[in-house]
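The values are calculated or read from the model by the stated rules, or taken from the named source; none is laboratory data. Every value quoted in this text rests on a predicted model; they were computed, and no experiment measured them. Here the Cβ is made from the backbone with ideal geometry for all residues, glycine too, and neighbour counts use every protein chain on show. Note: areas computed on protein heavy atoms with side chains; ligands, DNA, RNA excluded. Shrake-Rupley method; radii C 1.70, N 1.55, O 1.52, S 1.80 Å.
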Amino acid sequence: LSFDPENNEARYFLAANYYGQRDFKSALNEFRALVAANYNPTVSYYYCGDTAERIEEYNQAIACYQQVKSGKYWYQAKRQLSFLLAYQNQEDVALDDLEKIALNDTPERSEEAIVIRADLLVYLEKNTEAVEWLSRFVNNQLQSLLVPQRYLELSFQLNQEESWQQWVTTTSARLKES
């Protein structure tokens, strides 16, 4: 970088090196520069958020995570963003955003948002509401097992007198009915 300060690939490797050495303050400075240069935006914004969160710069983390709009980091960024908002007493903002995604986005992203919202409800100690939320979406239109799996896990946690076999049978029946 001393020879070519505009070399964003070198800057990325430097940021990754700082991150790997757990020098998160230095890493964050480099990820901020990468974000400003619009270098590999999804990755740069995600690691900007992750690094800022690690050093408790929560407003910076939120701002970065909000910019991860797609790609393989979307799920983790949305999850971390939602929990950070809840941590800052903005859980309604997070819950509303996740509900909007769950109801209006692509099937895959909807299912991910359904599970993140349920996990956030559990974090907020609203376990029954989380199970009720998940149960709305257990049907044969699902693209993956993400929602029914989380539904089974939470249902069993709430009512451990029932057997896993009973929960699986009930959920299977719901999938066949819809």
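Given +1 at the Cβ of Lys and Arg, -1 at the Cβ of Asp and Glu and no other charges, the dipole of segment 1-110 around its Cα centre is 200 debye to the nearest 20. Surface composition of segment 40-105: carbon and sulfur make up 39 percent of the accessible area, probe 1.4 Å.
Excluding same-chain neighbours fewer than eight residues apart, the lysines reachable from Lys126 by a Cα-Cα span under 20 Å are Lys78, Lys100. The coefficient of translational diffusion for segment 56-103, derived via Stokes-Einstein from the alpha carbon Kirkwood radius under 37 °C and 0.692 mPa s, stands at 304 µm²/s.
The aspartates and glutamates whose alpha-carbon is closer than 16 Å to the alpha-carbon of Lys25, local same-chain residues fewer than 8 away aside, are Asp50, Glu53, Glu56, Glu57. Shown in residue order for segment 84-96 are the 3J(HN,Hα) couplings computed by the Karplus curve 6.51 cos²θ - 1.76 cosθ + 1.60 at θ = phi - 60°: 5, 4, 4, 4, 9, 6, 10, 4, 5, 4, 5, 4, 5 Hz (x for Gly and Pro). Measuring nothing but alpha carbons in the chain and taking Rh as the Kirkwood radius, the Rg to Rh ratio lands at 1.09. Site pair Tyr87 and Lys69 shows an inter-label distance of 2.6 nm when each label is modelled 7 Å from Cα along Cα→Cβ.
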